[in-house]
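Chemist: The following block contains the structure, expressed as structure tokens.
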Amino acid sequence: FAGIPLLEGLPEDAAAQAAPRCRWKTFEAHELIVDYGDESNDVLFIISGQVRVLMSSAYGRHVILNHLDKGDFFGEMSAIDGRSRSASVIALYNSEICVMPGEVFMEIATSVPLIARRTLEKLTERVRTINERLAEQAFLTARQRLCAELLRQSRPRSGHPGQRIVSPPPIQEDLANLISSRREVVSRELSALTKDGVMERSRGGLILTDVDELSRRVEEAM
Ligand code: CMP
């Protein structure tokens, strides 16, 4: 199970029993991996690529719940509670996925406390993120929500202490979706941030040059 942090430290005999029951599959960009409401219960581990977790309205609108990267997993909710899929998941890029039957995942989670613990930590992290977004929608303006979202998606920029980068460059429509706003608003606010010298656009991504100022803008009204 190389490339799956959740399963690191899985005893060798347990790994040897589980591996033949898993399948390794490649999904193409835009391919549907999990469909909302399906009765499947596989747990899926992202070996490479990136996926989007979303829900759709009956009228074809979408809300993005999250993006998950290499090393992450999804599908654990149906494996844990036996209910239908709580969201849809599509591949954003070609993605290599390890598909583990829900029963195998639950056998591992109930017999290896370290793995149960890591699963709980991941679920807790997701609840925290959802709570943050919900509070932001109640308390912040779209402008502030954008700053908060950029900070959340960013990671330290190597070789540039104090700076952070959102890479690959986010799609404006996606940012708008994530902060419950419109693309035109995101476009306008990104331009304003660039003009204010808080952010720079580069081919590799959005560079957050003044992280303190971005944080200050988020906290202004909280
Ligand atoms: P499951 O309900 O089995 O299928 C859809 C999966 O999407 C779900 O399990 C989770 O793994 C994942 N998922 C649902 N909501 C979120 C969220 N807010 N953040 C990250 N992943 C999620």
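The values are calculated or read from the model by the stated rules, or taken from the named source; none is laboratory data. Every value quoted in this text rests on a predicted model; they were computed, and no experiment measured them. All Cβ positions, glycine included, derive from the backbone under ideal geometry; neighbour counts span all protein chains shown.
Chemist: Name the residues in the stretch 41-66 that are within 10 Å of the ligand (Cβ to nearest atom) and closer than 22 Å to Phe1 by Cα, would you?
Modeler: Residues satisfying the conditions are Asn41, Asp42, Val43, Leu44, Val51.
Chemist: Restricting to the stretch 41-59, what's the tally of residues that are outside any strand (DSSP E or B) and either among the acidic types (Asp, Glu) or loosely packed, with under 15 Cβ neighbours inside 10 Å (or both)?
Modeler: So the answer is 4.
Chemist: Phe74 is checked against (1) at pLDDT 95 or above; (2) away from the ligand (no atom under 14 Å from the Cβ); (3) in contact with a strand residue (DSSP E or B) (Cβ under 8 Å, 6 or more places away or on another chain) and fails just one. What number does that condition carry?
Modeler: So the condition that Phe74 fails would be (2).
Chemist: Here's a check for you: in the stretch 161-171, which residue that is at pLDDT 95 or above and not β-branched (Val, Ile, Thr) is nearest to Gln137 (Cα to Cα)?
Modeler: Arg164
Chemist: Kindly provide the set of residues from the stretch 113-165 that are within 16 Å of the ligand (Cβ to nearest atom) and under 30 Å from Ala14 (Cα atoms), ordered by number.
Modeler: Once the filter is applied, which keeps residues that are within 16 Å of the ligand (Cβ to nearest atom) and under 30 Å from Ala14 (Cα atoms), the stretch 113-165 yields Ile115, Ala116, Arg118, Thr119, Leu120, Glu121, Lys122, Leu123, Thr124, Glu125, Arg126, Val127.
Chemist: Restricting the search to the stretch 39-97, which residues are without any contact (Cβ under 8 Å) to a residue 12 or more places away in the chain and of a type in the set (S, T, N, Q)?
Modeler: Matches in the stretch 39-97: Ser57 only.
Chemist: Something else now. Residues being assigned to a helix (DSSP H, G or I), touching a helix residue (DSSP H, G or I) at 6+ places or on another chain (Cβ under 6 Å) and of a type in the set (Ser, Thr, Tyr): count how many of those fall in the stretch 179-194.
Modeler: Residues in the stretch 179-194 being assigned to a helix (DSSP H, G or I), touching a helix residue (DSSP H, G or I) at 6+ places or on another chain (Cβ under 6 Å) and of a type in the set (Ser, Thr, Tyr): 1 in total.
Chemist: Quickly run through the stretch 78-107 and pick out the residues that are away from the ligand (no atom under 11 Å from the Cβ) and either assigned to a loop (DSSP other than H, G, I, E, B) or within 11 Å of Leu44 (Cβ to Cβ) (or both).
Modeler: Within the stretch 78-107, Ala91, Leu92, Tyr93, Asn94, Ser95, Glu96, Ile97, Cys98, Val99, Met100, Pro101 meet the criteria.
Chemist: Please go through (1) within 21 Å of the chain's Cα centre (by Cα); (2) within 30 Å of Gln172 (Cα to Cα) for Phe105 and return the number of the only condition it doesn't satisfy.
Modeler: (2)
Chemist: Still on this structure, I have one more. Restrict the check to the stretch 170-180 and report whether at least one residue is surrounded by fewer than 16 Cβ atoms within 10 Å (Cβ to Cβ), aliphatic (A, V, I, L, M) and closer than 17 Å to Arg145 by Cβ.
Modeler: Yes: the stretch 170-180 contains one or more residues that are surrounded by fewer than 16 Cβ atoms within 10 Å (Cβ to Cβ), aliphatic (A, V, I, L, M) and closer than 17 Å to Arg145 by Cβ.
Chemist: Identify, from the list Gly205, Gly162, Gly197, the residue that is over 17 Å from Val63 (Cβ atoms), loosely packed, with under 12 Cβ neighbours inside 10 Å and in contact (Cβ under 8 Å) with a residue 40 or more places away in the chain.
Modeler: Sole residue among the options that is over 17 Å from Val63 (Cβ atoms), loosely packed, with under 12 Cβ neighbours inside 10 Å and in contact (Cβ under 8 Å) with a residue 40 or more places away in the chain: Gly162.
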